[in-house]
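The values are calculated or read from the model by the stated rules, or taken from the named source; none is laboratory data. None of the values given here were measured: they were computed from a predicted structure. In this analysis, Cβ positions are derived from the backbone assuming ideal geometry, glycine residues included, and neighbour counts consider all displayed protein chains.
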Amino acid sequence: MIHFTKLHGNGNDFILIDEYKREIISQKSAFTAKYCNRRFGIGADGVLYLGSSDKAEIGMRIFNSDGTEAEMCGNGVRCLVKYALDKGYIRENARVETLAGVLSISSRIEDKTWITVNMGQPVFEREKIPAKGTGDFLNVALHGYNVSAVNTGVPHTVIFVEALDADLMRVAPKIRHDPVFTKGTNVNFVQVISKNEIAIRTYERGVEAETLSCGTGSVACAAVAHRLGKTGREVKVNTKGGELRITLSGDGAFMEGTAERVFDGTVLA
């Protein structure tokens, strides 16, 4: 029997497998694809594997629901940290090792557990997104839209629209799979509400569908909006699943949001 915990960050939901003391799942891709299925499995946008680390207090591997491994996930980090706090693996201030680097986190408890993650500096250079060509990828005409791209741990494209009523499942896959993005990309549509507030919808690579919230996507949208002069450095990001607070500074992009534990269970190996 394999024990799991279900958590979510603003509706972006995950299965967590605790491998802090030893590896539990050897075939992580196959396990993820099987149990993320919402009809024949547990159901989730991805699986978080919590492990030990030589570089930080804890380590994280994140696999998308299709079985592919991602470099990092903002909402996933918060869920992992929530679980690690509950288990006593970490204190309020800690570090998490991911494939995108070591991230510093802090937490506080009010009505819920609020977790702030230093997501590092957004990267705009094409070769680091990665995208073909040279220089920044800002307001590039692509599939009928002006598209900007940035890497906030994983590649994201950002499209500004007057209203969030686009047919995401029709439009986003064309951009997500465009050959200019050599590792694919996540796709975000953004509505600017004011200088300090935006609303977004996100199509996630690896989930291949719209998710209720995306942490790296929220950072990407805030970073591009600020870069283009549409917003300031502090932005409230409204996702379908709730709000995230993004602060851009010289020390990194800080994402603050909640994480909640939903239930625990076991599945057959």
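Mind telling me which of the residues 154, 77 ends up being among the aliphatic types (A, V, I, L, M), under 28 Å from residue 34 (Cα atoms), touching a residue at least 12 places away in the same chain (Cβ under 8 Å) and not assigned by TED's automatic domain parsing to the domain that holds residue 20?
Numbers: 77 fails: not assigned by TED's automatic domain parsing to the domain that holds residue 20.
Matching residue, one of 154, 77: 154.
When residues of the range 181-207 are filtered for being more than 14 Å from the chain's Cα centre (by Cα) and at positive phi, how many remain?
Here is the first cut: in the range 181-207, the ones more than 14 Å from the chain's Cα centre (by Cα) are 181-184, 189-199.
Remaining after also requiring at positive phi: 184.
Number of matching residues: 1.
If you check residue 132 against the conditions, is it assigned by TED's automatic domain parsing to the domain that holds residue 34 and of a type in the set (Lys, Arg)?
On the way: assigned by TED's automatic domain parsing to the domain that holds residue 34: no; of a type in the set (Lys, Arg): yes.
Answer is no for this residue.
Of the numbered conditions (1) surrounded by fewer than 17 Cβ atoms within 10 Å (Cβ to Cβ); (2) within 23 Å of residue 246 (Cβ to Cβ), residue 117 fails exactly one; give the number of that condition.
(1)
Any residue that is at pLDDT 95 or above, under 19 Å from residue 155 (Cα atoms), outside the structural domain of residue 243 (by TED's automatic domain parsing) and among the polar types (S, T, N, Q) - is there at least one of those in the range 41-58?
Among the residues of the range 41-58, not one is at pLDDT 95 or above, under 19 Å from residue 155 (Cα atoms), outside the structural domain of residue 243 (by TED's automatic domain parsing) and among the polar types (S, T, N, Q), which makes the answer no.
Condition first: in contact with a strand residue (DSSP E or B) (Cβ under 9 Å, 6 or more places away or on another chain), assigned to a loop (DSSP other than H, G, I, E, B) and within 18 Å of residue 262 (Cβ to Cβ). Now tell me which residues in the range 19-77 satisfy that.
Hits for the range 19-77 are 36, 41, 42, 43, 44, 45, 65, 73.
So is residue 176 modelled with pLDDT of 95 or more, among the basic types (Lys, Arg), farther than 21 Å from residue 8 by Cα and not assigned by TED's automatic domain parsing to the domain that holds residue 88 or not?
Values: modelled with pLDDT of 95 or more: yes; among the basic types (Lys, Arg): yes; farther than 21 Å from residue 8 by Cα: yes; not assigned by TED's automatic domain parsing to the domain that holds residue 88: yes.
Against the criterion (modelled with pLDDT of 95 or more, among the basic types (Lys, Arg), farther than 21 Å from residue 8 by Cα and not assigned by TED's automatic domain parsing to the domain that holds residue 88), residue 176 qualifies.
Among 117, 161, which is within 19 Å of residue 216 (Cα to Cα) and at pLDDT 95 or above?
Values: 161 fails: within 19 Å of residue 216 (Cα to Cα).
Answer to the selection: 117.
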